Amino acid sequence: MQKISLKLLEIYNLDAELNGLNNPQTGEKVFSGLLKEKLSLVLKYWLTDLAKRVSAEKAAVEELKNELIRKFGKPDDKGGISIPLYIDLEDGSEVPKKVLNPDYQAFDQEFTQLMETEKELEYKPFELSDFAGIETAENYVTFFKFIKAED
(Lines give C-alpha, C1' and ligand atoms only; values in the text may rest on other atoms or scores of the structure.)
Protein backbone atom coordinates (compact mmCIF):
# COMPACT_ATOMS: atom_id res chain seq x y z
CA MET A 1 0.00 0.00 0.00
CA GLN A 2 1.06 3.58 -0.63
CA LYS A 3 0.03 6.86 0.93
CA ILE A 4 -0.94 10.11 -0.70
CA SER A 5 -1.77 13.45 0.87
CA LEU A 6 -4.80 15.24 -0.59
CA LYS A 7 -6.73 18.34 0.38
CA LEU A 8 -10.28 17.60 1.48
CA LEU A 9 -11.49 19.43 -1.63
CA GLU A 10 -9.55 16.92 -3.74
CA ILE A 11 -11.14 14.08 -1.77
CA TYR A 12 -14.57 15.47 -2.75
CA ASN A 13 -13.44 15.59 -6.38
CA LEU A 14 -12.03 12.06 -6.19
CA ASP A 15 -15.31 10.76 -4.77
CA ALA A 16 -17.15 12.18 -7.79
CA GLU A 17 -14.53 10.84 -10.20
CA LEU A 18 -14.86 7.33 -8.75
CA ASN A 19 -18.57 7.13 -7.91
CA GLY A 20 -20.10 9.67 -10.25
CA LEU A 21 -22.01 12.84 -9.50
CA ASN A 22 -25.67 13.84 -9.68
CA ASN A 23 -27.00 17.38 -9.70
CA PRO A 24 -28.33 17.87 -6.13
CA GLN A 25 -31.29 19.99 -7.28
CA THR A 26 -32.49 17.87 -10.21
CA GLY A 27 -31.01 14.44 -9.48
CA GLU A 28 -29.75 14.41 -13.07
CA LYS A 29 -26.51 12.50 -13.64
CA VAL A 30 -23.66 14.92 -14.33
CA PHE A 31 -20.79 12.43 -14.33
CA SER A 32 -20.90 8.61 -14.33
CA GLY A 33 -17.64 7.89 -12.54
CA LEU A 34 -14.71 5.58 -13.14
CA LEU A 35 -16.38 2.64 -11.37
CA LYS A 36 -19.07 2.63 -14.08
CA GLU A 37 -16.43 2.00 -16.77
CA LYS A 38 -15.87 -1.54 -18.03
CA LEU A 39 -13.03 -2.72 -15.76
CA SER A 40 -11.32 -5.99 -14.90
CA LEU A 41 -12.59 -7.55 -11.68
CA VAL A 42 -9.24 -7.03 -9.91
CA LEU A 43 -9.07 -3.38 -10.93
CA LYS A 44 -12.70 -2.83 -9.89
CA TYR A 45 -11.91 -4.40 -6.51
CA TRP A 46 -9.03 -1.99 -5.79
CA LEU A 47 -10.94 1.01 -7.10
CA THR A 48 -13.91 0.07 -4.91
CA ASP A 49 -11.55 -0.22 -1.92
CA LEU A 50 -10.25 3.28 -2.65
CA ALA A 51 -13.81 4.58 -3.16
CA LYS A 52 -14.83 3.26 0.29
CA ARG A 53 -11.91 5.06 1.94
CA VAL A 54 -12.72 8.28 0.07
CA SER A 55 -16.44 8.04 0.90
CA ALA A 56 -15.63 7.63 4.60
CA GLU A 57 -13.52 10.80 4.54
CA LYS A 58 -16.23 12.67 2.65
CA ALA A 59 -18.85 11.56 5.21
CA ALA A 60 -16.68 12.89 8.04
CA VAL A 61 -16.37 16.25 6.25
CA GLU A 62 -20.13 16.34 5.62
CA GLU A 63 -20.71 16.00 9.37
CA LEU A 64 -18.35 18.92 10.03
CA LYS A 65 -20.13 20.92 7.32
CA ASN A 66 -23.47 20.22 9.02
CA GLU A 67 -22.01 21.44 12.32
CA LEU A 68 -21.01 24.69 10.61
CA ILE A 69 -24.50 25.03 9.12
CA ARG A 70 -26.01 24.60 12.60
CA LYS A 71 -23.50 27.14 13.97
CA PHE A 72 -24.13 29.87 11.39
CA GLY A 73 -27.61 29.00 10.10
CA LYS A 74 -31.07 29.94 11.23
CA PRO A 75 -34.19 27.75 11.31
CA ASP A 76 -36.21 28.13 8.11
CA ASP A 77 -39.96 27.84 7.53
CA LYS A 78 -39.58 24.20 6.44
CA GLY A 79 -38.11 23.04 9.76
CA GLY A 80 -34.54 22.89 8.49
CA ILE A 81 -31.57 25.12 9.06
CA SER A 82 -30.26 27.27 6.26
CA ILE A 83 -27.81 30.07 5.63
CA PRO A 84 -29.13 32.32 2.86
CA LEU A 85 -26.48 33.88 0.66
CA TYR A 86 -28.29 37.22 0.71
CA ILE A 87 -30.45 38.92 3.34
CA ASP A 88 -32.69 41.97 3.22
CA LEU A 89 -31.18 45.17 4.58
CA GLU A 90 -33.83 47.08 6.46
CA ASP A 91 -33.05 50.71 5.67
CA GLY A 92 -36.56 52.14 5.84
CA SER A 93 -37.16 52.12 2.08
CA GLU A 94 -40.17 50.37 0.53
CA VAL A 95 -38.02 47.86 -1.33
CA PRO A 96 -35.44 46.22 0.93
CA LYS A 97 -31.91 46.00 -0.42
CA LYS A 98 -30.27 42.60 -0.71
CA VAL A 99 -26.85 42.34 0.90
CA LEU A 100 -24.43 39.47 1.34
CA ASN A 101 -25.28 37.61 4.54
CA PRO A 102 -22.40 37.98 7.08
CA ASP A 103 -23.33 34.58 8.57
CA TYR A 104 -22.91 33.01 5.12
CA GLN A 105 -19.55 34.74 4.71
CA ALA A 106 -18.38 33.36 8.07
CA PHE A 107 -19.62 29.87 7.15
CA ASP A 108 -17.93 30.04 3.76
CA GLN A 109 -14.65 31.20 5.28
CA GLU A 110 -14.56 28.34 7.82
CA PHE A 111 -15.69 25.72 5.29
CA THR A 112 -13.11 26.87 2.73
CA GLN A 113 -10.42 26.66 5.40
CA LEU A 114 -11.59 23.13 6.27
CA MET A 115 -11.51 22.05 2.61
CA GLU A 116 -7.86 23.17 2.37
CA THR A 117 -6.91 20.74 5.16
CA GLU A 118 -4.77 17.85 3.97
CA LYS A 119 -5.58 14.23 4.72
CA GLU A 120 -3.45 11.18 4.06
CA LEU A 121 -5.06 8.28 2.19
CA GLU A 122 -3.71 4.78 1.89
CA TYR A 123 -4.25 2.98 -1.42
CA LYS A 124 -3.01 0.18 -3.61
CA PRO A 125 -0.84 1.70 -6.37
CA PHE A 126 -2.22 1.64 -9.91
CA GLU A 127 -0.14 1.26 -13.06
CA LEU A 128 -1.04 3.08 -16.25
CA SER A 129 -1.19 -0.30 -18.00
CA ASP A 130 -4.07 -1.32 -15.64
CA PHE A 131 -6.23 1.09 -17.63
CA ALA A 132 -4.94 0.29 -21.13
CA GLY A 133 -8.21 -1.21 -22.36
CA ILE A 134 -10.46 1.57 -21.10
CA GLU A 135 -11.83 4.14 -23.52
CA THR A 136 -13.50 7.12 -21.92
CA ALA A 137 -14.55 10.64 -22.75
CA GLU A 138 -14.17 11.65 -19.09
CA ASN A 139 -11.16 13.29 -17.44
CA TYR A 140 -10.20 11.94 -14.01
CA VAL A 141 -7.82 14.73 -12.95
CA THR A 142 -7.60 13.91 -9.24
CA PHE A 143 -7.51 10.15 -9.78
CA PHE A 144 -4.58 10.52 -12.20
CA LYS A 145 -2.46 11.32 -9.11
CA PHE A 146 -2.89 7.67 -8.08
CA ILE A 147 -1.49 6.24 -11.33
CA LYS A 148 2.17 5.45 -11.67
CA ALA A 149 3.30 5.81 -15.27
CA GLU A 150 5.68 3.08 -16.34
CA ASP A 151 9.06 4.10 -17.67
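Looking for something surrounded by 12 or more Cβ atoms within 10 Å (Cβ to Cβ), within 20 Å of the chain's Cα centre (by Cα) and farther than 15 Å from LEU14 by Cβ - is there at least one such residue anywhere in the range 87-100?
no
Taking the criterion of being surrounded by fewer than 14 Cβ atoms within 10 Å (Cβ to Cβ) and in contact with a Lys or Arg (Cβ under 6 Å, 6 or more places away or on another chain), would at least one residue in the range 68-77 satisfy it?
no
Could you check LYS98 against (1) at pLDDT below 95; (2) of a type in the set (Lys, Arg); (3) not in a strand (DSSP E or B) and say which number it fails?
(3)
Out of curiosity, is THR117 closer than 21 Å to ILE11 by Cα and in contact with a helix residue (DSSP H, G or I) (Cβ under 8 Å, 6 or more places away or on another chain)?
So THR117 fits the description; yes.
Could you tell me whether the range 120-134 includes any residue that is loosely packed, with under 11 Cβ neighbours inside 10 Å, in contact (Cβ under 8 Å) with a residue 24 or more places away in the chain and either touching a helix residue (DSSP H, G or I) at 6+ places or on another chain (Cβ under 7 Å) or not in a helix (DSSP H, G or I) (or both)?
yes
The values are calculated or read from the model by the stated rules, or taken from the named source; none is laboratory data. Note that the structure is a prediction, hence the values are computed from the model and not measured. Here the Cβ is made from the backbone with ideal geometry for all residues, glycine too, and neighbour counts use every protein chain on show.
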